[in-house]
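Structure first, commentary second.
The values are calculated or read from the model by the stated rules, or taken from the named source; none is laboratory data. It should be emphasised that the depicted structure is a prediction, and the values quoted were computed from it without experimental measurement. When we count neighbours, we look across all protein chains shown, and the Cβ atoms used for this are built from the backbone with ideal geometry, even at glycine.
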Amino acid sequence: MEDFEIVGKSYDKTIELGAKGIDPYKDLPEWIKADPDYPAFERARNDGGDSGSDDPRIKAFLNPSAGERFVDLGCSLNLMLRGYDAWPSEYHGVDVSAKTIELLKGFVAKNNLTVGALINGSLHETPFEADYFDIGACVGSLEYFKKDFVEKALSEFNRILKPSGRFVLDIPNITSPMRRFMNILEEYQGRPDKFDISPDEFEAMLRPFFSFERVDYDGVAMIQYYLTKKEMKKEPNKYKELEPYLESGLIGVLQKAQGLYGWLSEDLLAHVAEKTGQSRAKVYGVATFYAQFRLKPMGRRHILLCQGTACHVNGSAEIEEAVREELGVSEGETTADGIFSYNNVACLGCCSLSPAMMIDGKAYGSLTPGKAKAIIREIRKEETV
Amino acid sequence: MRLSVGRGSCGIAAGADEALNILNEAGLEAGTVGCIGLCYLEPIVSLDGELYVKVNKEGAAEIAKAAKGQDNNAKDWLISEGDKAVLAGQQRIALRNCGIINPEELEAYGLYRAYEKALTMSPEAVIEALKTSGLGGRGGAGFPTWFKWDACRKSAGDKKYIICNADEGDPGAFMDRALIEGDPHALIEGMMIAAYAIGHPSAHVEGIVYARAEYPLAITRLGRAIGQARAAGYLNDSFDIRIKEGAGAFVCGEETALIASIEGERGMPRLKPPFPAQSGLWGLPTNINNVETYANVPYIILNGPERFAEIGTESSKGTKVFALTGKIKNGGLVEIPMGRSLREVIYGPGGGVRGGKAFKAVQMGGPSGGCIPESLLDTLIDYKALTATGAIMGSGGMVVMDEDTCMVDMARFFLDFICKESCGKCVHCRIGTKRMLEILIRITEGGGEEGDIERLLELGQQIKDGALCGLGQTASNPVLTTIRYFRNEYEDHIAHKKCTAHSCKALIHYEINRDRCVACGLCRKACPAGAVQGAPKVAHSIDQDKCVKCGKCMESCRFGAVLIN
């Protein structure tokens, strides 16, 4: 199970307990209460110093106003339990617990609230468009994840937040003495902390994208960060090589783009759509209609294996088998070392050389399985030197 | 001394550039020519009118000596009398310059004399000449060229388009590629004459060549030729030609789909009328012809339409270029006068079936065409006669099949192609071909059921009746013709689970004849699946459960002990 799925399941359970009126942090067993660090934890909780979502500083910093979009990533019960429903901004919640989302939908329906979206999913892969939110928060969530996930999550926060957008998040301070006790506590809740990044390292990860202020909550070994997304200069040079060709008709633009950048990424297709004034759907439709366009990264060397009639009659099926065997990939894929990508094509028009293939515009004819393999090996040798 | 190297795509792939380097390094100036059509003899070097074939490094060195007048063994590479006859058996009009002149130089082509002559005639007279010549569209259907030009001329408008369809999509055809690579100026001149006929200069006419992106050399040479024609003043602001690279879609060979593609849309055909001559590219009058059609035009204008019309049959005039491929001995391009029989082509310039195998069928017209059996080889090359067989003239692909080709598998191959290339607009084509393909796959994998043939015939007829465009309407032809002429093969697959061509893997098995086996162990070593059992001095056998039917055992056996059933 993925980390976020474990967390989801655990919160599903918390919801069930909550329905029965049980606060899992309150009714702790005696052996935890006997821990020497328990009193400090208890104090922090009672003073409102637990870095929780109801910390008034969060609302003060985000300063939600009407017409703004707010995204609450993880722990979306805030809408119901922490008064977020009263914020003038439009609420969008993402929570990994299906039960939480179910509960919130019921809450929204019952109270006749208007929200932007309630989505059951992981906070590192949201369905929102880039630069969509004015403000956002991810409080009490990142502690459950390791560095690779946290990296993805930060990049996602950055993606969906507007330039100069404000965001609050918190992380455990793994260098704090209170950390030991907090780990025991979370373990007992069935969602052990996995967070493995020191504050210094985490701040280094934030710095390229956000300016920030830090507030420490020593009693619970947490740190809150108040982030402002840096006004990234829009890359004026992005895809600038394509500029002179934007008038050459959609297919011509896409051909040029593929020639320049190797393949057509989603970002590149979106750029073409914007610049040519066509809808993204149309650009995507055209890009997928024609065999020439590649929507995946290509290898440095591109193999086109002919499947024309003459090649078929002369044994192209065996050549295909040999090519697949030598490359270790199937049609339409790229080898792991990034050297080769391989596609079948209807006809190269080299029928008198059948069976034939073309590698980067050069035709190879009268192939046998052995000859095809030898050609590929030779190129691989050139490429690895 | 006249020295040149055949540098079409196929020549280059066969090693023409190596030969060229050796000649250049010897201090000789070897020119470039396009493909002469003898693809099976590439690389080809021409010295003072003599052809040297299959020229490897040694050959090139000997030819270099010959060119310098030194002692040499170049005659070892000299073309044989038999191979010379392949050229002699043709009548070259469209290919008149291919393999003869340097396609990269306008001087080699000379002045556009046909165009200049056309300018002395009225546009109506040019169209009348086309009518007299009887030239039909070489893209496949043979529709009268003059009729299209006339309709476009009569369409009112200040702006019109001349398009050349060079999106040669039929698998097994490469006439247009060789033509552009070998003689691009013939195409440009043909398009210029067409532009004049439909209304230039009183209407502004723009020329577009829609070429396959898979033909990089053709595009380069055509681009260079267009540049030369501009420099010479033939092309200018009032009539210019540009190249539009296609992006790979078979359906774009259909003219309305081609137009959609130039407009930047998905290449989907639309209903006709209106015809492109009335409302084509960007809604303006547009004339679309194929490469070979345009290449014939300068000849007709220059030599008079009567001379062209003398060649051929009542309904099909002139010559036709064919790409001979498959199991043919002399694979390559040939240009044949209409009215000869298929047999004359295949056993004349084609040299018959390769490797002494028995002829089974010839496939014509690509995915829209059909397979013609031995019994109909005396059919004449004529639009009507070929259509009567269930195949079509097509753009010129002629793929020869021998006894090892399974006709059910061929039908499956074409349906697979059509299925992938269907644009998806009509249900009949999109889903109907898929259903037919599923049945064919089932049959070739041993799951054929009684009634399958009838189901295929029924679906095939429905697709013919229901599809919108020409490609959809002909999509079932490969299946319908193979059922018509090779029904026994279908029945063998379905009823007896037998593939007599030994091509369908699911229906064959390999066995070892224990009397012939000498237990040498070669097949055991060759087997990738560990299916061959045996020990030294013990006759081997094949475990049918493990066998993957790759045929490696049969290839490796030196005693003919491995049999296929």
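Counting just the residues of the range B:329-357 that are at pLDDT 95 or above and under 22 Å from B:ALA411 (Cβ atoms), which one comes out nearest to the other protein chains (Cβ to nearest Cβ)? Within the range B:329-357, the match that is nearest to the other protein chains (Cβ to nearest Cβ) is B:VAL353. One residue alone among B:LEU95, B:LEU41 is buried (at least 16 other Cβ atoms within 10 Å of the Cβ), out of contact with any strand residue (DSSP E or B) (no Cβ under 7 Å at 6 or more places or on another chain), closer than 21 Å to B:VAL321 by Cβ and not assigned by TED's automatic domain parsing to the domain that holds B:ARG138, and that residue is B:LEU41. Restricting attention to the range A:361-380, the residues that are surrounded by fewer than 11 Cβ atoms within 10 Å (Cβ to Cβ) and within 14 Å of chain B (Cβ to nearest Cβ) total 1. A count restricted to the range B:258-288 and to residues that are over 24 Å from A:PHE289 (Cα atoms) and crowded, with 22+ Cβ neighbours inside 10 Å stands at 4. Counting the residues of the range B:136-169 that are assigned to a helix (DSSP H, G or I), surrounded by fewer than 24 Cβ atoms within 10 Å (Cβ to Cβ) and either modelled with pLDDT under 95 or in contact with a helix residue (DSSP H, G or I) (Cβ under 6 Å, 6 or more places away or on another chain) (or both) gives 3. Answer yes or no as to whether A:LEU104 is in the same structural domain as A:GLY8 (by TED's automatic domain parsing), buried (at least 21 other Cβ atoms within 10 Å of the Cβ) and modelled with pLDDT under 90. Criteria met by A:LEU104. Yes or no: A:GLY106 of a type in the set (Gly, Ala, Ser) and either in contact (Cβ under 8 Å) with a residue 12 or more places away in the chain or in a loop (DSSP other than H, G, I, E, B) (or both)? No, not satisfied.
Answer with yes or no whether B:ILE431 is in the same structural domain as B:ASN330 (by TED's automatic domain parsing) and among the aliphatic types (A, V, I, L, M). Against the criterion (in the same structural domain as B:ASN330 (by TED's automatic domain parsing) and among the aliphatic types (A, V, I, L, M)), B:ILE431 does not qualify. Summed over the range A:24-73, the residues that are within 30 Å of A:ASP131 (Cβ to Cβ), buried (at least 17 other Cβ atoms within 10 Å of the Cβ) and modelled with pLDDT under 85 give a count of 4. Considering only residues in the range B:410-423 that are free of Cβ contacts under 8 Å to residues at least 40 places away in the same chain and farther than 17 Å from A:ALA310 by Cβ, the one that is farthest from the other protein chains (Cβ to nearest Cβ) turns out to be B:CYS419. Here A:GLU383 qualifies as farther than 25 Å from B:THR405 by Cα, at pLDDT below 90 and more than 10 Å from every other protein chain (Cβ to nearest Cβ).
Looking only at residues of the range A:327-357 that are within 17 Å of A:CYS311 (Cβ to Cβ) and more than 8 Å from every other protein chain (Cβ to nearest Cβ), we find that the one that is surrounded by the most Cβ atoms within 10 Å (Cβ to Cβ) is A:PRO355. Evaluated against (1) in contact (Cβ under 8 Å) with a residue 40 or more places away in the chain; (2) surrounded by fewer than 12 Cβ atoms within 10 Å (Cβ to Cβ), A:ALA86 falls short on exactly one condition, (1).
The condition (being assigned to a loop (DSSP other than H, G, I, E, B), at pLDDT below 90 and either closer than 22 Å to A:ASP148 by Cβ or of a type in the set (Asp, Glu) (or both)) is satisfied by just one residue among A:LYS234, A:LYS194, A:LYS238: A:LYS194.
Among strands (runs of 3 or more DSSP E) entirely within the range B:254-348, having at least 3 residues that are closer than 21 Å to B:ALA194 by Cβ singles out B:286-290, B:319-326. Among the criteria (1) within 13 Å of chain B (Cβ to nearest Cβ); (2) under 30 Å from B:GLY396 (Cβ atoms), the one A:GLY285 does not fulfil is (2).
Each row is one residue, and each column tells you yes or no for (1) in the same structural domain as B:LEU222 (by TED's automatic domain parsing); (2) closer than 28 Å to B:HIS185 by Cα; (3) not hydroxyl-bearing (Ser, Thr, Tyr).
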{"residue": "B:SER238", "(1), (2), (3)": "yes, yes, no"}
{"residue": "B:LYS244", "(1), (2), (3)": "yes, yes, yes"}
{"residue": "B:GLY283", "(1), (2), (3)": "yes, no, yes"}
{"residue": "B:THR286", "(1), (2), (3)": "yes, yes, no"}
{"residue": "B:THR325", "(1), (2), (3)": "no, yes, no"}
{"residue": "B:LYS329", "(1), (2), (3)": "no, no, yes"}
{"residue": "B:GLY332", "(1), (2), (3)": "no, yes, yes"}
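Remark: pairs (first residue in the range B:241-268, within 7 Å of another protein chain (Cβ to nearest Cβ) and farther than 17 Å from B:LEU468 by Cα; second residue buried (at least 24 other Cβ atoms within 10 Å of the Cβ) and basic (Lys, Arg); Cβ separation under 8 Å; 6+ apart in sequence or on different chains) = B:GLU245/B:ARG212; B:GLY248/B:ARG212. Scanning the range B:289-326 for residues that are surrounded by fewer than 24 Cβ atoms within 10 Å (Cβ to Cβ) and modelled with pLDDT under 95 turns up B:GLU314, B:SER315. Residues in the range A:273-282 that are within 11 Å of chain B (Cβ to nearest Cβ) and not basic (Lys, Arg) were compared, and the one that is surrounded by the fewest Cβ atoms within 10 Å (Cβ to Cβ) is A:GLN278.
Restricting attention to the range B:497-541 and to residues that are small (Gly, Ala, Ser) and out of contact with any strand residue (DSSP E or B) (no Cβ under 9 Å at 6 or more places or on another chain), the residue that is farthest from A:HIS312 (Cα to Cα) turns out to be B:ALA535. The single residue among B:ILE36, B:ILE100, B:ILE63 that is among the hydrophobic types (A, V, I, L, M, F, W, C) and closer than 17 Å to B:GLY331 by Cα turns out to be B:ILE36.
Results for (1) part of a loop (DSSP other than H, G, I, E, B); (2) surrounded by 17 or more Cβ atoms within 10 Å (Cβ to Cβ), shown as yes or no for each residue.
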| site | (1), (2) |
| --- | --- |
| B:ARG487 | no, no |
| B:ILE494 | no, yes |
| B:ASP515 | yes, no |
| B:CYS523 | no, yes |
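Quick check on the range B:367-382. Is at least one of its residues surrounded by fewer than 19 Cβ atoms within 10 Å (Cβ to Cβ), within 14 Å of chain A (Cβ to nearest Cβ) and under 30 Å from B:ALA14 (Cα atoms)? Checked against the condition, which is being surrounded by fewer than 19 Cβ atoms within 10 Å (Cβ to Cβ), within 14 Å of chain A (Cβ to nearest Cβ) and under 30 Å from B:ALA14 (Cα atoms), the range B:367-382 yields no hits at all.
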